[in-house]
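*Asks:* Please see the structure below; I have some questions.
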Amino acid sequence: MKRRLQRIYWVGILLTLVVAAAAIVMLVSIKIGDTQEDLYHTLSTASEWTLESDEDLQELADSIASVAPPVRVTFLMNHGLVLADSILPAVEMENHMDRPEIIEAMRGEIGESLRMSETQDVVILYAAKQISPQLILRLGYPIRELTQLLLWYGAGLVVLFLILFVLQRRSLSHFANSLVTQMDDVRRLLEGDKFQPKAVFPELQPAMNNIAYLIERMESDRQEILRTQNLRSDFVANASHELRSPLTSIMGFAEMLDEGLADSPEEQALCTQMIRSECDRMLEVIEDILLLNRSERQAPQNTRPVNVANVAREICRSLAPRAAEKHISLQVIGELTLQAVEKDIWEVLYNLSDNAVRYGREGGYVHIRLSENKIAVEDNGIGIDKAHQARIFEQFYRVDEMRDSAVRGTGMGLSIVRAIVQRYGGDVSVESEPGSGSCFTACFATNEEKL
Ligand code: ADP
């Protein structure tokens, strides 16, 4: 990341330098253009003057140079021999035949050249013209300012580069530090710290909010997965326990028969009856597991209006023999129609009413109250201690093995009831006092709530 930023920054610096260099070149060429115009003008005036004057060439060169400083004036033969020069003695000067401006002038054009002078340490703009068949006049304009200009601009470029370089270092390290701080915030969020992260750059705030939201969701998903895993392993342990107990009894009774320990026909009949009873218990557990599995998975399908009171009355009829054994009266109070699958309503009502009878007191009552979207099953039985009320809806949970051992059960009934009611968008709750009775209420979602 840092490298990428550095690269971008370097490209930025290079572009700035290129633009600055282009500006310098432009300024220099404007300067040269102006100088060139002046020099051409002086060259044509000096040519006319030379043709009209009868002065000696050296005197003429000095006079022209004196009226147009800092111009250097040179007269040459058209084969390059220097005849007079306003700066150096002509005899000391070499043949100028190879100079580009002289070559061009000999072709009849106005020769020009910009180069470093070999005799003066300065850039000179030359312009030369053939003023007679034998004679060439050359003027040279030393562009000292240009040299200075180039030096200043060059120095300026170096300074600009250094400033940009320092700025780049500082802003890059500031940027990198800010990102490190931001990453630190993300790390803290991932480690479970709860806080609203503040972005170091305002543009990053929505991204930081998103990250915080996603991490929170990830954490709650993780908790949910852990909870499901725990539930599953509890379920496996409980289910194995529930199946192992009757199986151990069956094996015990089978061994008794096998080893001839039950000799009388009565004892043998008791053994087979116990084996059958334990088999029934295993079957009950397995059926409850399958029912719970179905209730948790399947969404209600093919629902139709169910007359809950009719279902409740049917259940009362089927529980009547067992209720009669304990002299418990069963009563359905109120009317209710629910949009549901009838079998689901039957399961909910049966499990709650069956519990109310099983855990009901001798000569007690069971009232099934129906109202709005609620089914409440009330009894005046043994009741449930507060400490157990929150757990009785868990799979295989039985309040007290000692207390409940007298009452046959799998500990699955209420978890099946809860799974079914929750599938309809509702929930089930309990109010109970030990010794006074219990009231279980299954509350189904209304149509508006479902929406
Ligand atoms: P079980 O098959 O053991 O009855 P449930 O899931 O139906 O399983 O009930 C769980 C536990 O809740 C029972 O073991 C019992 O202790 C308690 N319970 C349920 N209904 C009642 C009730 N009406 N009165 C007292 N205790 C109840």
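*Asks:* Considering only residues that are open to solvent by 70 Å² or more (accessible area, probe 1.4 Å) and modelled with pLDDT under 90, which ones fall in the stretch 68-86?
*Replies:* At the first step, the residues of the stretch 68-86 found to be open to solvent by 70 Å² or more (accessible area, probe 1.4 Å) are 69, 79, 81.
Those that are open to solvent by 70 Å² or more (accessible area, probe 1.4 Å) and modelled with pLDDT under 90: P69, H79.
*Asks:* Report yes if some residue within the stretch 283-297 is within 23 Å of R423 (Cα to Cα), within 46 Å of the chain's Cα centre (by Cα), modelled with pLDDT of 85 or more and loosely packed, with under 11 Cβ neighbours inside 10 Å; otherwise report no.
*Replies:* yes
*Asks:* Quick one: would you say A254 is of a type outside the set (F, W, Y), more than 30 Å from L190 (Cα to Cα), surrounded by 12 or more Cβ atoms within 10 Å (Cβ to Cβ) and touching a residue at least 12 places away in the same chain (Cβ under 8 Å)?
*Replies:* On the way: of a type outside the set (F, W, Y): yes; more than 30 Å from L190 (Cα to Cα): yes; surrounded by 12 or more Cβ atoms within 10 Å (Cβ to Cβ): yes; touching a residue at least 12 places away in the same chain (Cβ under 8 Å): yes.
Answer is yes for this residue.
*Asks:* Something else about it: Please work out which residue is farthest from I315 (Cα to Cα), limiting yourself to the stretch 358-368 and to residues that are near the ligand (Cβ under 9 Å from one of its atoms) and surrounded by fewer than 23 Cβ atoms within 10 Å (Cβ to Cβ). Walk me through how you get there before you give the answer.
*Replies:* Just the residues of the stretch 358-368 that are near the ligand (Cβ under 9 Å from one of its atoms), to begin with: 358-360, 366.
Now drop any that are not surrounded by fewer than 23 Cβ atoms within 10 Å (Cβ to Cβ), which leaves 358-359.
Values: R358: 14, Y359: 17 Å.
Checking each candidate, the answer is Y359.
*Asks:* Of G425, G437, G409, G413, which residue is over 46 Å from the mean Cα position of the chain (by Cα) and either modelled with pLDDT under 95 or open to solvent by 30 Å² or more (accessible area, probe 1.4 Å) (or both)? First the steps, then the outcome.
*Replies:* On the way: G425 fails: over 46 Å from the mean Cα position of the chain (by Cα); G437 fails: either modelled with pLDDT under 95 or open to solvent by 30 Å² or more (accessible area, probe 1.4 Å) (or both); G413 fails: over 46 Å from the mean Cα position of the chain (by Cα).
The unique qualifying residue is G409.
*Asks:* Residue pairs, Cβ under 6 Å, 6 or more apart or interchain, first in the stretch 163-179 and under 25 Å from Q205 (Cα atoms), second surrounded by 14 or more Cβ atoms within 10 Å (Cβ to Cβ) and of a type in the set (V, I, T). List them.
*Replies:* S178/V200
*Asks:* Would you be able to tell me the number of residues in the stretch 332-353 that are open to solvent by 20 Å² or more (accessible area, probe 1.4 Å) and either within 11 Å of the ligand (Cβ to nearest atom) or on the phi > 0 side of the Ramachandran plot (or both)?
*Replies:* Residues in the stretch 332-353 being open to solvent by 20 Å² or more (accessible area, probe 1.4 Å) and either within 11 Å of the ligand (Cβ to nearest atom) or on the phi > 0 side of the Ramachandran plot (or both): 3 in total.
*Asks:* Only one of these conditions is not met by E203: (1) open to solvent by less than 100 Å² (accessible area, probe 1.4 Å); (2) at pLDDT below 90; (3) among the charged types (D, E, K, R). Which number is it?
*Replies:* Every listed condition holds for E203 apart from (1).
*Asks:* A follow-up question, please. What are the residue pairs meeting all of these: first residue in the stretch 420-432, first residue within 13 Å of the ligand (Cβ to nearest atom), second residue among the basic types (K, R) and not in a loop (DSSP other than H, G, I, E, B), Cβ atoms under 6 Å, and 6 or more apart or on different chains?
*Replies:* Matching pairs, first to second residue: V428/R418.
*Asks:* Looking only at the stretch 298-317, count how many residues are surrounded by fewer than 14 Cβ atoms within 10 Å (Cβ to Cβ) and aliphatic (A, V, I, L, M).
*Replies:* Total meeting the criteria: 1.
To keep it simple, each residue is scored yes or no on (1) open to solvent by 20 Å² or more (accessible area, probe 1.4 Å); (2) modelled with pLDDT of 80 or more; (3) within 30 Å of M77 (Cβ to Cβ).
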| site | (1), (2), (3) |
| --- | --- |
| P133 | yes, yes, yes |
| R138 | no, yes, yes |
| E145 | yes, no, no |
| L164 | yes, yes, no |
| Q168 | no, no, no |
| S171 | yes, yes, no |
| S178 | no, yes, no |
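*Asks:* Here is a list of conditions, (1) open to solvent by less than 30 Å² (accessible area, probe 1.4 Å); (2) within 11 Å of the ligand (Cβ to nearest atom); (3) free of Cβ contacts under 8 Å to residues at least 60 places away in the same chain, and D400 meets all of them except one; can you say which number that is?
*Replies:* (1)
*Asks:* Which of the residues that make up the stretch 294-325 are in contact (Cβ under 8 Å) with a residue 40 or more places away in the chain and not in a helix (DSSP H, G or I)?
*Replies:* Q298, A299, P300, Q301
*Asks:* Can you find even one residue in the stretch 253-272 that is in a helix (DSSP H, G or I), modelled with pLDDT of 90 or more, within 30 Å of Y424 (Cα to Cα) and not β-branched (V, I, T)?
*Replies:* Checked against the condition, which is being in a helix (DSSP H, G or I), modelled with pLDDT of 90 or more, within 30 Å of Y424 (Cα to Cα) and not β-branched (V, I, T), the stretch 253-272 yields no hits at all.
Residues checked against (1) in contact with a strand residue (DSSP E or B) (Cβ under 9 Å, 6 or more places away or on another chain); (2) farther than 20 Å from I30 by Cα; (3) of a type in the set (A, V, I, L, M, F, W, C):
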| site | (1), (2), (3) |
| --- | --- |
| R115 | yes, no, no |
| V123 | yes, no, yes |
| Q130 | yes, yes, no |
| L150 | yes, no, yes |
| G156 | no, no, no |
| R169 | no, yes, no |
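*Asks:* Now for a different question. Consider D379 against the criteria (1) among the acidic types (D, E); (2) surrounded by fewer than 19 Cβ atoms within 10 Å (Cβ to Cβ); (3) modelled with pLDDT of 95 or more: it satisfies all of them except one. Which criterion is unmet?
*Replies:* Looking at each condition in turn, D379 falls short on (2).
The values are calculated or read from the model by the stated rules, or taken from the named source; none is laboratory data. Quick caveat: nothing in here was measured; it's all calculated off a predicted structure. Note that each Cβ is placed from the backbone with ideal geometry, even for glycine, and that neighbours are counted across all protein chains shown. In case anyone asks, the SASA skips ligands and DNA or RNA and just uses the protein heavy atoms, side chains included. Shrake-Rupley method; radii C 1.70, N 1.55, O 1.52, S 1.80 Å.
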